[in-house]
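The values are calculated or read from the model by the stated rules, or taken from the named source; none is laboratory data. These numbers were taken from a predicted model, which means no experiment stands behind them. Please note: Cβ atoms are built from the backbone with ideal geometry, for glycine as well, and neighbour counts cover all protein chains shown. Just so you know, the surface numbers come from the protein's heavy atoms only, side chains and all, with ligands and any DNA or RNA stripped out. Shrake-Rupley method; radii C 1.70, N 1.55, O 1.52, S 1.80 Å.
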Amino acid sequence: MHLFRYRSGELYAEEVPVKQLAEKYGTPLYIYSYNTLVRHLKAYSDAFNDYPHIICFAVKANSNTAILRLFAKNGGGADIVSGGELYVALKAGVPAKKIVYAGVGKTEYEIRFALKSKILMFNVESEAELREIDRIAGKMRTMAPVALRINPDIDPETHPYIATGLKKHKFGIPIEDALEHYRLASRLKNIKIIGVHKHIGSQITKISPFVDALKKILLLIDELSIQGVELKYLDAGGGLGISYRGEEPPVPKELARNLIPLLKNRKLTLIMEPGRSIAGNAGILVTRVLYLKKGAEKEFIIVDAGMNDLIRPSYYNAYHNVIPVLKKKREKVFCDVVGPICESSDFLARDRELKRLKQGEYLAVMSAGAYGFSMSSNYNSRPRAAEVIVKSKGHFLVRKRETYDDLIRNERIPVFLK
Ligand code: LLP
C-alpha cells in the first residue's frame, strides 16, 4: 500500500499535488512518501514482533541519508555492501550495532573502517575473506564479529540478474562447505563467530523459496550446535517482492507467519534485510513530456528522464507502471515512453497503451523508490535528479538536483594539456 493516489483526476503524493512538486523542484524528480516508508518498516517490525529481531534496511535500494535517518529513528538498522554505504549509514545516524556488512569483495580499507566503527557483524562470503578479516583484526588488536553467508542452492524464481542463492552464483559459501568453514573460523584467533547469513535473491513473489532456504540453514545451525558452535544471529536476508504489475507477493506478516514457527524454541535473533519491499512502492519518478514523435511503427513519448535516472527498464527489462499526473479524457495511443539518451535501450516503458499526452505534461513512473536513484548515473553528462520527501502536507528537498559543475567537480586537466 502506498500513498500516491488520484484525487479528482490529479495525482497526489500524500496530501500534496505531484504537479505542484514538479513545478517547484523541476523534473526529473524522485518523490518519496514518508508515511509509506514508515508504514512499510512497521509492517516488518509488527510482523516479527513475537521474535527477537532487527530490521536492517538494504541501503543499496535507496541510500539517501534522510531516508536512512527516518528508518534509524524508527528502530531500523542497515544492511550494507561497501565502505561508502557504511559511511552513509553512520552519517544518517544508524547505530553501528545495527549494521551488517555483506559483499564478496570487501577491501582492507573497508574492513578496517567497519572494524573501527564496531558494526554488528561481517557477513563473510569466502575463506579468503575470512582469513583477510582475521589478519586485519589481528593487526588492529580486535575481534571481528562474523557470520558466514551460506549459499543454500535454492531457486528464488526471479529475474536471473537478481538471483543470488544458486550454486552457480558468486555469492556466499556453498552449503556443503559450510561446516568446514565454520571449523576454520573457530580456529582463527581474531574471529568471533556469531551468526549465519543467507540472501537468495530479490523480487521474490512466493513464500516457498524463503521457507526452503531457512530450513536448510536451520539444519546447518543444528549441526553446528552438535559441534559446540552456538550462533546468536540468523540473518535471513531480504528479497521480498513488490507489485509492479499486479504481482501478489506475500506481505511481511505472511512471511513471518511461515518463518517464525520454524524458529521457535531457538535462542536466536533474526535479522531481515528488506530493501525493495520497504522503499519500492514508496517512491515515484516524475518526468515531463518533451516531445511527441510519430515513428514509422509506433509513437514515442519523449520525456526528460532517461535510463541514467532509472535503469531498471533497460537493464532488467523491468516493468514500471507509467501514469499521467493529470488524468484527462483523451484517446489512447500505442507507444513507447523514452528518454533523451543516445541508446535504443533508453526506455522507461515499451509497447504501452497510454492516453495521448501533450508536450509539457507530467508523467509518474511508479514503484521507483528502490533501485531507482541509487542506480542512477551521469551518463550523457546528465546531472542526477533531485529527491523530495513528502510528509502529509509538507515537502522537503532531501537531495538537490546536481549542477553542470557537479559533473566535472572531480576532474582535472593534466599539466601537459594546459
Ligand atoms: N541483502 C543482500 C545481501 C542483498 O544483496 C540484497 C539485494 C538485499 C538484502 C535486499 O534485497 P531486496 O529486499 O531489495 O530484494 N538492482 C536490482 C536488485 C538487486 C538486489 C541486490 N541485492 C533491481 O533493481 O531489481
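I want to confirm something. Restricting to segment 186-210 and keeping residues that are in contact (Cβ under 8 Å) with a residue 60 or more places away in the chain and away from the ligand (no atom under 13 Å from the Cβ), which single residue is nearest to the chain's Cα centre (by Cα)?
Here is the first cut: in segment 186-210, the ones in contact (Cβ under 8 Å) with a residue 60 or more places away in the chain are 191, 194-195, 197, 199, 202-203.
Among the residues that remain, those that are also away from the ligand (no atom under 13 Å from the Cβ) are: 191, 194-195.
Details: Ile191: 29, Ile194: 25, Gly195: 22 Å.
Going through the qualifying residues, I end up with Gly195.
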(message) Take the conditions more than 18 Å from Leu41 (Cα to Cα) and open to solvent by 20 Å² or more (accessible area, probe 1.4 Å) and apply them to Lys232. Does it pass?
(response) yes
(request) Among the residues of segment 98-128, write down those that are away from the ligand (no atom under 16 Å from the Cβ) and either outside the structural domain of Leu188 (by TED's automatic domain parsing) or acidic (Asp, Glu) (or both). (result) Glu108, Glu127
(request) Kindly indicate the residue of segment 150-185 that is of a type in the set (Phe, Trp, Tyr) and open to solvent by 20 Å² or more (accessible area, probe 1.4 Å) and also modelled with the lowest pLDDT among those meeting that condition. (result) Tyr161
(request) Consider Glu273 carefully, then state whether it is loosely packed, with under 15 Cβ neighbours inside 10 Å and among the acidic types (Asp, Glu). (result) no
(request) For segment 356-395, name all the residues that are open to solvent by less than 10 Å² (accessible area, probe 1.4 Å), more than 16 Å from the ligand (Cβ to nearest atom) and in a strand (DSSP E or B). (result) Leu363, Ala364, Ala386, Glu387, Val388, Val390
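Hey, among the residues in segment 70-129 that are on the phi > 0 side of the Ramachandran plot and either open to solvent by less than 30 Å² (accessible area, probe 1.4 Å) or not small (Gly, Ala, Ser) (or both), which one's nearest to the chain's Cα centre (by Cα)? Walk me through it before giving the result.
Going residue by residue through segment 70-129, those that are on the phi > 0 side of the Ramachandran plot are 75, 93, 103, 118.
If we keep only those that are either open to solvent by less than 30 Å² (accessible area, probe 1.4 Å) or not small (Gly, Ala, Ser) (or both) too, we end up with 103, 118.
Details: Gly103: 14, Lys118: 23 Å.
Per the stated criteria, the residue is Gly103.
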(request) Kindly indicate whether any position in segment 173-181 is within 16 Å of the ligand (Cβ to nearest atom), closer than 26 Å to Ala256 by Cβ and part of a strand (DSSP E or B). (result) no
(message) Looking for something more than 18 Å from Gly372 (Cβ to Cβ), open to solvent by less than 10 Å² (accessible area, probe 1.4 Å) and either part of a loop (DSSP other than H, G, I, E, B) or within 15 Å of the ligand (Cβ to nearest atom) (or both) - is there at least one such residue anywhere in segment 257-267?
(response) yes
(request) With respect to Glu247, determine if the residue is more than 16 Å from Ser45 (Cα to Cα) and open to solvent by 30 Å² or more (accessible area, probe 1.4 Å). (result) yes
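Could you count how many residues in segment 269-302 are away from the ligand (no atom under 16 Å from the Cβ) and not assigned by TED's automatic domain parsing to the domain that holds Arg352? Reasoning before the result, please.
Filtering segment 269-302 for residues away from the ligand (no atom under 16 Å from the Cβ) gives 269, 286-302.
Those left that are additionally not assigned by TED's automatic domain parsing to the domain that holds Arg352: 269.
Count: 1.
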(message) For segment 59-76, give me the residue count where each residue is part of a helix (DSSP H, G or I) and within 12 Å of the ligand (Cβ to nearest atom).
(response) 3
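Run down Tyr6, Tyr12 and say which single residue is in contact (Cβ under 8 Å) with a residue 12 or more places away in the chain and either in a helix (DSSP H, G or I) or not small (Gly, Ala, Ser) (or both).
Working: Tyr12 fails: in contact (Cβ under 8 Å) with a residue 12 or more places away in the chain.
Matching residue, one of Tyr6, Tyr12: Tyr6.
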(request) Kindly provide the set of residues from segment 325-355 that are out of contact with any helix residue (DSSP H, G or I) (no Cβ under 7 Å at 6 or more places or on another chain) and touching a residue at least 60 places away in the same chain (Cβ under 8 Å), ordered by number. (result) Lys327, Lys328
(request) Filter segment 26-57 down to residues that are touching a Gly at 6+ places or on another chain (Cβ under 9 Å) and open to solvent by less than 20 Å² (accessible area, probe 1.4 Å), then give me how many there are. (result) 12
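Taking the condition part of a loop (DSSP other than H, G, I, E, B), within 16 Å of the ligand (Cβ to nearest atom) and over 13 Å from Pro156 (Cβ atoms), does Ile217 pass? Before you say what the answer is, go through the steps one by one.
Values: part of a loop (DSSP other than H, G, I, E, B): no; within 16 Å of the ligand (Cβ to nearest atom): yes; over 13 Å from Pro156 (Cβ atoms): yes.
Spelling it out, it is not the case that Ile217 is part of a loop (DSSP other than H, G, I, E, B), within 16 Å of the ligand (Cβ to nearest atom) and over 13 Å from Pro156 (Cβ atoms).
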(request) Would you please name the residue that is most open to solvent (accessible area, probe 1.4 Å), looking only at residues in segment 186-210 that are among the charged types (D, E, K, R) and part of a loop (DSSP other than H, G, I, E, B)? (result) Lys189
